[in-house]
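One structure coming up, written as structure tokens, with questions to follow.
The values are calculated or read from the model by the stated rules, or taken from the named source; none is laboratory data. Since this is a predicted model, take the numbers as computed values, not measurements. All Cβ positions, glycine included, derive from the backbone under ideal geometry; neighbour counts span all protein chains shown. All accessible areas refer to the heavy atoms of the entire protein, side chains included, with ligands and DNA or RNA removed. Shrake-Rupley method; radii C 1.70, N 1.55, O 1.52, S 1.80 Å.
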Amino acid sequence: MKLSTPIIEAICNSYPEVDVSDFIFSTPPTLELGDMAVPMFPLAKKMRKAPHVIAREIAATIEGNDHIASATATGPYINFKLNRAHVGAGIIDAILKAGKQWGSNASGVGQKVLIEHTSINPNASPHVGRGRCAMIGDSITRLLRFEGYDVEVHYYVNDMGRQIGLLVLIADELENLTFDQILDAYVTANQRAKEDPEFAQRGYDLLARIEDGDPEIQRKFHDVTDLCLRGQLAVLERLNVSYDVFDKESLYINDPRLKLIEHALTETGALFTDEKERRVVDLSKLGYQPEEGRYFVLRRANGSSMYGCRDLVYSMDKQEKGASLTMMVLGEDHKLYAQQMALMLEASGVPAPEVVYYAYILLKDGKMSTRQGKVVLLADFLDQASERARERVAEQFPDLSNEEHDAIAEQVAVSAIRFAVLRVKSNKNVTFDMESALSFQGDTGPYIQYSCARIRSILRKSEVPIPEKSDSLFCVSTDAEWSLLLKLTSFTEVVADAATQRVCAPIANYALELAHTFTSFYHDCPVLTAGDPNVTNMRLLLCCATLQTLSNALHLLGIETPERM
RNA sequence: GCCCCGAUAGUUCAGUGGAUAGAACGAGCGCCUCCUAAGCGCUAGACACAGGUUCGAUUCCUGUUCGGGGCACCA
């Protein structure tokens, strides 16, 4: 039950004319003032009385019960104190009963979602900017699954196009191209295409041939793409990011459904052949206002299709898979493009996907640049972070095996990067600083994992059995315990808001706050050495509930919690 | 030039139409015979600027400045 429900009931009992929508709950600045506050400003207008007068009147009529200990008017607010033992026991029991499901509102049960994310061009090992897309997409997937949605994750493989053509040319020259060489090869290829028109033309020729279905060329494109994709997926897998379905761009080249789209666009008068024999969509015919970005080219003069062509069919294909919601995670550089696609899709009777955008990750000295080698590769970060974490764990737990050291180190490294990226709202540029990301101190993923490890340590050492639920002697004797209980119970609401808004940053920040609240409790309230068996019991329950909540929150972020660290 | 995002402490980030704007890093001072010091406590420090809406704006709106992204044959 929500903490606010008994309060609403109590007020409505005395004031039947008050409507639920008049309530805005907030938290008083300090626990001394109360646990929950209701400001009287909205009611003041309705009842034509000063807020502090109403507060005093209403507070006087409220009687304590199981849930409510007291109601006090403080200026224009009514501050409620809750019955700590009763409410606290209810919170603990709800968490332990729900277990791994604790926090879920089950808002997505029975609904299917198709989400596409990451879809990196197969040309290099992914850097942290690309990783932002993967981590956001993966966390939204986890969040929606947690809420009960049936989610299918798709990855669009850009296995053709000019860049792959150039890469194929280079691969032909160098034999046995490896994944590690691909970035260099890609940079070289682009450089040459710029300086050598003949080389560039050969790349375009390859595109025309693959579109004609030349099997030899298809094989070459496939080999280069596959090499690259496998290398990229290995890195993403280290980050706990996974996909269900891989859709190859090349499969959509000569898709008959494109004709349907072109037909629909022609019907609206938007699709025309321009003076250079290109097939162009005039988006202003579809309701697009600005002059910039008004025209969208579907086919080159020679009839070969542009990227957008295949993407239109791909979007149609995704929509036809029967999901009630289709989503994409895109960099903000794709905003205009996605808007253009949406207009063309809708004109063709295909609903546009819902898009989550993310802004770029910057480095301290500016933008990342693949060409200048100014990037932080995910693999490099993970290697360094893992190495650092390993040294620490090996020193602290020499009894554990090498494999265990490695496993913990990797979990810590992944948590460092995932947390650092996910805690920032996705529409903001993030400045990534290698040193602070590697430090594991302060507001970091490892800090939260550390809190979990401390809880596990207590549970391991407990000589009394861990209780499964609260008993009649449950009591909350300190503010530290009570603050922790209040923090725990707010998880459900955090999840609900995050899921409806398709954001994961609030989950990350919640986990951090909860870890801080737990640590205060940890320092103030001895568990095993409390002296009173009832207090120990209660605190053990509190530890279990906190561990469950932190684990659930971290799971949504794709972060695991080691037993020791 | 036009369009879309953003601007909170020295730095990196939270947050809210209402009671004292939170952390962390960095700086200074403390704390391990005590469940893991990847920790804790204390001190110093911020809502870019100007208007407007409102009983009340850091939050909503407009403008300015600064930063990021985009604007037809790349994908």
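For the subset of region A:404-423 comprising residues that are open to solvent by 40 Å² or more (accessible area, probe 1.4 Å) and touching a residue at least 40 places away in the same chain (Cβ under 8 Å), which member is nearest to RNA strand B (Cβ to nearest atom)?
Step one: list which residues in region A:404-423 are open to solvent by 40 Å² or more (accessible area, probe 1.4 Å), which gives A:404, A:406-407, A:410-411, A:423.
In the following step, the residues that additionally are touching a residue at least 40 places away in the same chain (Cβ under 8 Å) were identified as A:407, A:410-411, A:423.
Values: A:A407: 12, A:E410: 11, A:Q411: 9, A:R423: 5 Å.
Among them, the one singled out is A:R423.
Are there any pairs, at least 6 apart or on different chains, whose C-beta atoms fall under 9 Å, with the first in region A:493-519 and closer than 19 Å to A:A359 by Cβ and acidic (D, E) and the second buried (at least 20 other Cβ atoms within 10 Å of the Cβ) and modelled with pLDDT of 95 or more, and if so, which?
Pairs that qualify, where the first residue is closer than 19 Å to A:A359 by Cβ and acidic (D, E) and the partner is buried (at least 20 other Cβ atoms within 10 Å of the Cβ) and modelled with pLDDT of 95 or more: there are none.
Any residue in region A:319-344 that is closer than 18 Å to A:R145 by Cα sitting within a Cβ distance under 9 Å of a residue that is loosely packed, with under 12 Cβ neighbours inside 10 Å? List the pairs, counting only those 6 or more apart or interchain.
Taking only residues 6 or more apart or on different chains, the pairs are A:S324/A:G110.
Further, regarding this structure: Could we say that A:V356 is part of a helix (DSSP H, G or I), of a type in the set (V, I, T) and either within 13 Å of RNA strand B (Cβ to nearest atom) or closer than 23 Å to A:A515 by Cα (or both) here?
Answer is no for this residue.
A follow-up question, please. I'd like to check something: does region A:299-322 contain any residue that is assigned to a strand (DSSP E or B), near RNA strand B (Cβ under 8 Å from one of its atoms), out of contact with any Ser or Thr (no Cβ under 8 Å at 6 or more places or on another chain) and in the same structural domain as A:K276 (by TED's automatic domain parsing)?
Among the residues of region A:299-322, not one is assigned to a strand (DSSP E or B), near RNA strand B (Cβ under 8 Å from one of its atoms), out of contact with any Ser or Thr (no Cβ under 8 Å at 6 or more places or on another chain) and in the same structural domain as A:K276 (by TED's automatic domain parsing), which makes the answer no.
While we're looking at this one, here's another question. Within region A:146-163, is even one residue open to solvent by less than 40 Å² (accessible area, probe 1.4 Å) and assigned to a helix (DSSP H, G or I)?
Checking region A:146-163: at least one residue is open to solvent by less than 40 Å² (accessible area, probe 1.4 Å) and assigned to a helix (DSSP H, G or I).
Sticking with this structure for a sec: Tell me which strands (runs of 3 or more DSSP E) are completely within region A:188-297 and hold 2 or more residues being open to solvent by 20 Å² or more (accessible area, probe 1.4 Å), or say none if there are none.
Ranges flagged: A:245-248, A:271-273.
Okay, next question. Kindly indicate whether A:K45 is of a type in the set (K, R), more than 18 Å from A:T5 (Cα to Cα) and within 15 Å of RNA strand B (Cβ to nearest atom).
yes
Continuing with this model, one more query. Filter region A:112-139 for residues that are among the aliphatic types (A, V, I, L, M) and touching a His at 6+ places or on another chain (Cβ under 8 Å) and give the result. Step through it out loud before you land on a result.
Pass one, region A:112-139, residues among the aliphatic types (A, V, I, L, M): A:113-115, A:120, A:124, A:128, A:134-136.
Result: A:L114, A:I115, A:A134, A:I136.
Kindly indicate whether A:S14 is farther than 25 Å from A:W482 by Cβ, at pLDDT below 95 and not assigned by TED's automatic domain parsing to the domain that holds A:N534.
Details: farther than 25 Å from A:W482 by Cβ: yes; at pLDDT below 95: yes; not assigned by TED's automatic domain parsing to the domain that holds A:N534: yes.
Yes, satisfied.
I would also like to ask the following. Please find, among A:A545, A:A530, the residue that is within 30 Å of A:I136 (Cα to Cα) and of a type in the set (A, V, I, L, M, F, W, C). Steps first, answer last, please.
Numbers: A:A530 fails: within 30 Å of A:I136 (Cα to Cα).
Answer to the check: A:A545.
Taking the condition of a type in the set (A, V, I, L, M), open to solvent by 20 Å² or more (accessible area, probe 1.4 Å) and on the phi < 0 side of the Ramachandran plot, does A:A73 pass?
Criteria met by A:A73.
Tell me yes or no: at least one residue of region A:426-444 is within 18 Å of A:T561 (Cβ to Cβ) and part of a helix (DSSP H, G or I).
Scanning region A:426-444 turns up no residue that is within 18 Å of A:T561 (Cβ to Cβ) and part of a helix (DSSP H, G or I).
Let me ask something else. Among what's in region A:135-180 and is within 16 Å of RNA strand B (Cβ to nearest atom) and of a type in the set (G, A, S), pick the residue that is nearest to A:D247 (Cα to Cα).
That would be A:G161.
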